[in-house]
1. State all residues of the stretch 30-48 that are surrounded by fewer than 20 Cβ atoms within 10 Å (Cβ to Cβ) and either within 22 Å of L13 (Cβ to Cβ) or not basic (K, R) (or both); if no residue qualifies, say none.
2. Can you give me the number of residues within the stretch 68-112 that are out of contact with any strand residue (DSSP E or B) (no Cβ under 9 Å at 6 or more places or on another chain), small (G, A, S), under 14 Å from A58 (Cα atoms) and assigned to a loop (DSSP other than H, G, I, E, B)?
3. Go through the stretch 49-65 residue by residue and tally those that are surrounded by 12 or more Cβ atoms within 10 Å (Cβ to Cβ) and either within 16 Å of L18 (Cα to Cα) or small (G, A, S) (or both).
4. State whether the residues of the stretch 81-96 include one that is under 27 Å from P28 (Cβ atoms) and touching a helix residue (DSSP H, G or I) at 6+ places or on another chain (Cβ under 7 Å).
5. Restricting attention to the stretch 91-100, and to residues there that are surrounded by fewer than 18 Cβ atoms within 10 Å (Cβ to Cβ) and modelled with pLDDT under 90, which single residue is farthest from R10 (Cα to Cα)?
6. Scan the stretch 65-88 and tell me whether some residue there is charged (D, E, K, R) and within 18 Å of P106 (Cα to Cα).
7. For residues that are at pLDDT 75 or above, out of contact with any strand residue (DSSP E or B) (no Cβ under 8 Å at 6 or more places or on another chain) and more than 19 Å from R86 (Cα to Cα), tally how many sit in the stretch 9-46.
8. Go through (1) exposed (fewer than 15 other Cβ atoms within 10 Å of the Cβ); (2) in the same structural domain as G48 (by TED's automatic domain parsing) for I76 and report which single condition fails.
Amino acid sequence: MSAKLRISDRVALDEAELIEQFVRAPGPGGQNVNKLSSAVQLRFDVIGSPSLPDDVRARLKRLAGRRLTTEGVLIIDAHRHRTQARNREDARERLFELIREASVAPKPRRATKPTLASRRRRVEEKRKRGEVKRARRRSEGD
């Protein structure tokens with residue numbers, strides 16, 4: 001049995017749900033860049049994961065954006081660091097951060113009415129603007 005990774009108070013992922021693939025990193029890096037596979041491609045099946053509550057899954061799908069495939073797999077590429085271990089940590093931390101963000105329900109917006117003072121300021125500003133425009137109209141016809 002694989003270990004559980006606690007991400008938030010509501011979510012704990014099974015280690016087996018994470019699929020890591022090591023690939024060659026893009027960009028500069030000298031001779032080693034062509035020989036070593038230090039970049040990490042982390043895959044996590046958002047749709048098929050039994051660890052995610054439905055509300056978190058829906059928010060995670062929205063947060064993932066382009067990183068989510070049509071099959072519902074979230075792909076995170078990590079190649080910031082020179083070592084495989086650091087890139088692996090980086091990829092996991094980025095995934096966990098996304099899940100933590102998705103775990104927080106957005107605060108519902110409460111409709112509020114504009115205050116009397118703000119309505120009066122708005123009307124006064126409109127009246128002044130109108131006066132400026134009327135003044136321009138009169139001076140152009142001279």
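1. Start the filter on the stretch 30-48 by keeping residues that are surrounded by fewer than 20 Cβ atoms within 10 Å (Cβ to Cβ), which leaves 30-37, 41, 43, 45, 47-48.
Hits for the stretch 30-48 are G30, Q31, N32, V33, N34, L36, S37, Q41, R43, D45, I47, G48.
2. So the count comes out to 1.
3. Total meeting the criteria: 7.
4. Step one: filter the stretch 81-96 for residues under 27 Å from P28 (Cβ atoms), giving 81-95.
From the residues that got through so far, the ones that are touching a helix residue (DSSP H, G or I) at 6+ places or on another chain (Cβ under 7 Å) too are 81.
Taking every residue of the stretch 81-96 in turn, at least one turns out to be under 27 Å from P28 (Cβ atoms) and touching a helix residue (DSSP H, G or I) at 6+ places or on another chain (Cβ under 7 Å).
5. Going through the stretch 91-100, the residues surrounded by fewer than 18 Cβ atoms within 10 Å (Cβ to Cβ) turn out to be 93-94, 96-97, 100.
Okay, now just the ones that are also modelled with pLDDT under 90, so 96, 100.
Working: F96: 12, R100: 9 Å.
Only one residue fits best here, namely F96.
6. Restricting attention to the stretch 65-88, the residues satisfying the condition of being charged (D, E, K, R) are 66-67, 71, 77, 80, 82, 86, 88.
Applying the additional criterion that residues be within 18 Å of P106 (Cα to Cα) yields none.
No, the stretch 65-88 has no match at all.
7. Going through the stretch 9-46 one residue at a time, the tally reaches 2.
8. So the condition that I76 fails would be (1).
The values are calculated or read from the model by the stated rules, or taken from the named source; none is laboratory data. All figures in this text were calculated on a predicted structure; none of them were measured in a lab. With ideal geometry, Cβ positions are generated from the backbone for all residues, glycine too; neighbour counts draw on all protein chains shown.
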